[in-house]
1. Find the residue count for segment 250-293, including only residues that are out of contact with any His (no Cβ under 7 Å at 6 or more places or on another chain) and either without any contact (Cβ under 8 Å) to a residue 60 or more places away in the chain or over 18 Å from A112 (Cα atoms) (or both).
2. Which residue out of A60, A124, A103, A112 is of a type in the set (G, A, S), over 20 Å from I188 (Cα atoms) and assigned to a helix (DSSP H, G or I)?
3. With respect to V290, is the statement that it is of a type in the set (A, V, I, L, M), part of a helix (DSSP H, G or I) and over 21 Å from the mean Cα position of the chain (by Cα) true?
4. Between A68, A103, which is in contact (Cβ under 8 Å) with a residue 12 or more places away in the chain and either open to solvent by 40 Å² or more (accessible area, probe 1.4 Å) or closer than 25 Å to A133 by Cα (or both)?
5. Do we find a residue being farther than 15 Å from T205 by Cβ, of a type in the set (S, T, N, Q), open to solvent by 30 Å² or more (accessible area, probe 1.4 Å) and assigned to a loop (DSSP other than H, G, I, E, B) anywhere in segment 144-151?
6. Quick one: what pairs do we get from segment 193-214, first residue more than 17 Å from Y231 (Cα to Cα) and at pLDDT 95 or above, second among the charged types (D, E, K, R) and crowded, with 20+ Cβ neighbours inside 10 Å, C-beta under 6 Å, 6+ apart or different chains?
7. What tally of residues in segment 284-306 results from selecting those that are crowded, with 19+ Cβ neighbours inside 10 Å and either modelled with pLDDT of 95 or more or not polar (S, T, N, Q) (or both)?
8. For the subset of segment 94-109 comprising residues that are under 19 Å from the mean Cα position of the chain (by Cα) and not polar (S, T, N, Q), which member is farthest from P67 (Cα to Cα)?
Amino acid sequence: MRFHFPDAAGRLEIAQFPSGHSNLTYLLRLGDRELVLRRPPFGTKVKSAHDMNREYRVLAKLHAAYPAAPEVLLYCDDISILGSPFYVMKPIHGIILRRSLPAGLDFTADVARRLSESFVDNLARLHGLDYSAIGLADLGKPHGYLERQVRGWIERYHGSKTHDLPEVEPISSWLIGNLPPANEVALIHNDYKFDNVVLDPGVITKIVGVLDWEMCTIGDPLSDLGTALAYWVGPEDAEELQKIRWGPTNCPGSLSRAQLVERYARVTGRDVSSMVFYVAFARFKVAVIVQQIYYRYHHGLTKDQRFAVLLEVAKILLRASLHSAESGAI
């Protein structure tokens, strides 16, 4: 760090951001300078999901066109330093909303509504970028994206299976049998939710940062919207979904999932008639991501006690996925 930032004087202090479940993120203080470091998790089984060089390359090209993406500063593949590749970026200061609202935050119904609108508008803005002009045309394989994703996530589930979960077979069959026609492609985040969004402390409805780009690719934008909806739990949802809520999406004034879809369609002009499929798939995908993390805990590859409950979270998401498929509701 001193070699790359010779003007930063003082001792190096390191603290871990505790809330992430995948790639590990640390705050580095080198004198008066603050930096953020990202590295893969310990004991991971899915190497392709934690490609630090790929994540760094995406952000190095994306930030200028989409300033909410972090500005990266350096990449290091010398594993003798940390035991894995890592990269360093500038911090984005602001508020991140999690399950419970920060104490003292004035989160009125009007604020909740306007933030919901900003949330979906910001995703639409990402999907409207000319990814070829940015230099990211080689990031993914758009042809056959959705079918490849569905089959791939089914395989990933079986690769991280720890228990027999009865919903897996019927929802897997439904997803394969109900693939919508090929959609247009866009640059997609693939894990867009409130706790990956940084808000301006002075104007809480303004998004100043979007974090965790490890799954970013070129693909179906409706699958990205579906992922955001899979994390969006409203006040009308079942109690078991309320228990795994990722953000304050059930607060008075927040848009419903249907309203988010309607606004996205109005802003982008895209056909959203197949959103039931995308929500069912997204809930299945998030269940598999949770299962992959639980696999590491189950086999003693991590001792993080937060992961002990993730099998139950995966079960809830699988039930919600199957309910969407069977009921036709998002």
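1. Applying the first criterion (out of contact with any His (no Cβ under 7 Å at 6 or more places or on another chain)) to segment 250-293 yields 250-267, 269-292.
From what's left, either without any contact (Cβ under 8 Å) to a residue 60 or more places away in the chain or over 18 Å from A112 (Cα atoms) (or both): 250, 256, 262, 265-267, 269-292.
Of the residues in segment 250-293, 30 are out of contact with any His (no Cβ under 7 Å at 6 or more places or on another chain) and either without any contact (Cβ under 8 Å) to a residue 60 or more places away in the chain or over 18 Å from A112 (Cα atoms) (or both).
2. Values: A60 fails: over 20 Å from I188 (Cα atoms); A124 fails: over 20 Å from I188 (Cα atoms); A103 fails: assigned to a helix (DSSP H, G or I).
On inspection, the qualifying residue turns out to be A112.
3. Working: of a type in the set (A, V, I, L, M): yes; part of a helix (DSSP H, G or I): yes; over 21 Å from the mean Cα position of the chain (by Cα): no.
Here the answer is no, as V290 does not meet what is asked.
4. Numbers: A103 fails: in contact (Cβ under 8 Å) with a residue 12 or more places away in the chain.
Exactly one residue qualifies, and that residue is A68.
5. Here is the first cut: in segment 144-151, the ones farther than 15 Å from T205 by Cβ are 144-151.
From what is left, the residues that are of a type in the set (S, T, N, Q) are 149.
Applying the additional criterion that residues be open to solvent by 30 Å² or more (accessible area, probe 1.4 Å) yields 149.
Next, from what is left, pick out any that are assigned to a loop (DSSP other than H, G, I, E, B): none.
There is no residue in segment 144-151 that is farther than 15 Å from T205 by Cβ, of a type in the set (S, T, N, Q), open to solvent by 30 Å² or more (accessible area, probe 1.4 Å) and assigned to a loop (DSSP other than H, G, I, E, B).
6. If the second residue must be among the charged types (D, E, K, R) and crowded, with 20+ Cβ neighbours inside 10 Å, no pairs are left.
7. So the count comes out to 13.
8. Of all residues in segment 94-109, those under 19 Å from the mean Cα position of the chain (by Cα) come to 94-100.
Imposing the further condition that a residue be not polar (S, T, N, Q) reduces the set to 94-99.
On the way: G94: 14, I95: 17, I96: 17, L97: 20, R98: 22, R99: 26 Å.
In this case the residue turns out to be R99.
The values are calculated or read from the model by the stated rules, or taken from the named source; none is laboratory data. Keep in mind that this is a model prediction, so the values were computed, not measured. Ideal geometry is used to build each Cβ from the backbone, glycine not excepted, and the neighbour counts take in all protein chains shown. We work out accessible area using only protein heavy atoms, side chains counted, and drop any ligands, DNA or RNA first. Shrake-Rupley method; radii C 1.70, N 1.55, O 1.52, S 1.80 Å.
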